[in-house]
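I have placed the structure first, in the form of structure tokens, so that the comments after it can refer back to it.
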Amino acid sequence: MAMNADLRRERAAATFQPELLTHILDGGPERTRRRKEIEALVLNDPDFQHEDLNFLSRSQRYEQAIRKSSLMVMKLREHGIADPEEIFWFKRACLGSVPEPLGLHFSMFQKTIETQTTAAQKEKWLPLVRGVKIIGTYAQTELGHEFGARVSQSCQSVADLQKQVRAFLWVQWSTVRLQFGLKVSFVHRGRPEPLDLHLGMFLPTLLTQATPEQQDRFFMPAWNLEIIGTYAQTEMGHGTHLRGLETTATYDPATQEFILNSPTVTSIKWWPGGLGKTSNHAIVLAQLYTQGQCKGLHAFIVPIRQLGTHEPLPGKIHVRGLAIME
């Protein structure tokens, strides 16, 4: 990749060897070599060259997004890239300067643990952090304080501030969700991508909540992109207020079937990414009713389109797309 002439001139005038600093930041010469090797896989791959989207129609942008999303998953497997940090390097080469969800985990969370914790804390946390079995962030900025030098109003001393800065937030994710469920839209440079919820929610939900029989039937076709799924939780009147979801799934003992129904305008499933044009299955969150009693939220695998023709299935399923999601 060609380097900006001004940047090249400034680097040449440095009083130290930039390559040595690169090795320090990467963790050693071998890691620098490996990072560049992985980045070259993207930079030299014609499949990941970015077109000027301003000259593409909406349908063309959609087709490009589908193609790149599928290639991204397949090439991670093809190249045998499974180490979490190497996955990060691969995706960052595609992403460019667009913010990404693990930025603070690697740049602040991990670095702080490496440089500011005790030996016992390193032993406990670093394997989890480097293996991305916990995902961290860095909670410094407050609503009333950003780069100010004074101690935060919520702290009585510098020691209190240090404790606050070291207060980490994390969430447990499975390795599969990490590797294939993160926003693969990195290849799309910040634009929405059609397989986002398939990789980030549909596959992990099958892996963690489906029975062995359901996994045998659905997981491998979904893994091989023969089934494309979405995650239908949000409703017109309810987002993260899960207990307020209105869509119902009523069990009919006569037919041994579940009848899913969105009885009100506010219960319409709204904003499931990929549903408008891409997905042929959905995991639908609904209130389970059986024998006249509500048993709370359950997840249901619902076919949306014919696998052969991609036409919406007959019945009372109405599929509409949102331009911002497709």
message: I'm trying to understand the selection: among the residues of the range 105-115, which are out of contact with any helix residue (DSSP H, G or I) (no Cβ under 9 Å at 6 or more places or on another chain) and not small (G, A, S)?
response: M108, K111, T115
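Would you be able to tell me the number of residues in the range 225-248 that are at negative phi and assigned to a loop (DSSP other than H, G, I, E, B)?
Initially, the range 225-248 is screened for residues at negative phi, giving 226-248.
Imposing the further condition that a residue be assigned to a loop (DSSP other than H, G, I, E, B) reduces the set to 226-228, 233-234, 236-237, 239-241, 245-247.
Count: 13.
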message: Can you pull out every residue in the range 48-62 that is surrounded by 13 or more Cβ atoms within 10 Å (Cβ to Cβ) and at pLDDT 70 or above?
response: F48, L56, R61, Y62
- request: List every residue pair whose Cβ atoms lie under 8 Å apart, where the two residues are 6 or more positions apart in sequence or sit on different chains, the first residue falls within the range 243-272 and is farther than 9 Å from A286 by Cα, and the second residue, located anywhere, is charged (D, E, K, R) and exposed (fewer than 13 other Cβ atoms within 10 Å of the Cβ).
  value: Y251/E257; F258/D252; I259/D252
message: One residue is enough: does the range 213-224 have a residue meeting the conditions free of Cβ contacts under 8 Å to residues at least 12 places away in the same chain, within 30 Å of Q49 (Cβ to Cβ) and part of a loop (DSSP other than H, G, I, E, B)?
response: yes
field: Residues that are within 25 Å of Q60 (Cα to Cα) and either of a type in the set (F, W, Y) or in a loop (DSSP other than H, G, I, E, B) (or both), drawn from the range 262-282
entry: W270, W271, P272, G273, G274, L275, G276, K277, T278, S279, N280
- line: Going through (1) touching a residue at least 60 places away in the same chain (Cβ under 8 Å); (2) more than 22 Å from P194 (Cβ to Cβ) one by one, S279 fails only at (2)
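The values are calculated or read from the model by the stated rules, or taken from the named source; none is laboratory data. Bear in mind that the values here come from a model prediction, so they are computed numbers and not experimental data. No Cβ is skipped: glycine too gets one built from the backbone with ideal geometry, and neighbour counts run over all protein chains shown.
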